[in-house]
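Read through the structure below, which is laid out as structure tokens, and then see the notes.
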Amino acid sequence: MLTKDPAWAGYQLGIKLHPRENNGVVEMYEKALPGAMVYDNASQLYTLLTESFVQLTVSSTSLYEAAEFDTPTVITYFEGNDPERIFGFSTRMARSGQELCEQLKHLLDPADRNAYIQELKEKSKEYM
């Protein structure tokens, strides 16, 4: 999507390892995803969130922090995960690559992006 859709020119994929993830996989990610920025497990999440357009995750509680940094989160589907059960409320979710592209494309619209961030902030405070 980043290389094929002109709407995403200037954006770059970044991957931050989980704090418990072995840094030995950094090289694997770099080889598999040329051009992606790979951040090791000690990288500061808050710094990365302030610089990110969107956060993609399976079920991370960093959704709450991301909202406070005005970074929306899109949940990627994995083996029956249910955002409402995980977070207490519904979030934007992508069950396929096509759905992910559609969800992210909506976030390019400033009004849609701002409304979703505001919703995440309100829900985070209610359910956190």
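The residues of the stretch 23-63 that are loosely packed, with under 11 Cβ neighbours inside 10 Å and either of a type in the set (S, T, N, Q) or in contact with a Leu (Cβ under 9 Å, 6 or more places away or on another chain) (or both), listed by number, are G35, A42, Q44. In the stretch 77-88, the residues that are within 12 Å of S124 (Cα to Cα) and touching a residue at least 40 places away in the same chain (Cβ under 8 Å) form Cβ pairs under 8 Å with partners that are outside any loop (DSSP other than H, G, I, E, B) and among the charged types (D, E, K, R), at six or more places apart or across chains, as follows: F87/K123.
For the stretch 1-58, residues that are in a helix (DSSP H, G or I), under 18 Å from E102 (Cβ atoms) and within 13 Å of the chain's Cα centre (by Cα) total 0.
Residues of the stretch 78-104 that are modelled with pLDDT of 90 or more, in contact with a helix residue (DSSP H, G or I) (Cβ under 9 Å, 6 or more places away or on another chain) and assigned to a helix (DSSP H, G or I): L104 alone.
Closer than 22 Å to Q12 by Cα, in contact with a helix residue (DSSP H, G or I) (Cβ under 6 Å, 6 or more places away or on another chain), touching a residue at least 12 places away in the same chain (Cβ under 8 Å) and β-branched (V, I, T), is that true of T73? Yes. Consider the stretch 59-77 and keep the residues that are among the aliphatic types (A, V, I, L, M) and not in a strand (DSSP E or B). The one that is farthest from the chain's Cα centre (by Cα) is A67. Checking each residue in the stretch 105-128 for being assigned to a loop (DSSP other than H, G, I, E, B) and of a type in the set (D, E) picks out only D109. Note on the stretch 98-112: residues that are touching a residue at least 40 places away in the same chain (Cβ under 8 Å) and closer than 16 Å to I75 by Cβ amount to 4.
Here K123, K105 are screened, and the one residue that is closer than 27 Å to K4 by Cβ and either of a type outside the set (G, A, S) or more than 14 Å from the chain's Cα centre (by Cα) (or both) is K105.
The values are calculated or read from the model by the stated rules, or taken from the named source; none is laboratory data. In this text, all values refer to a predicted model and were calculated from it rather than measured experimentally. As a convention, Cβ positions derive from the backbone with ideal geometry for all residues, glycine included, and neighbour counts pool all protein chains shown.
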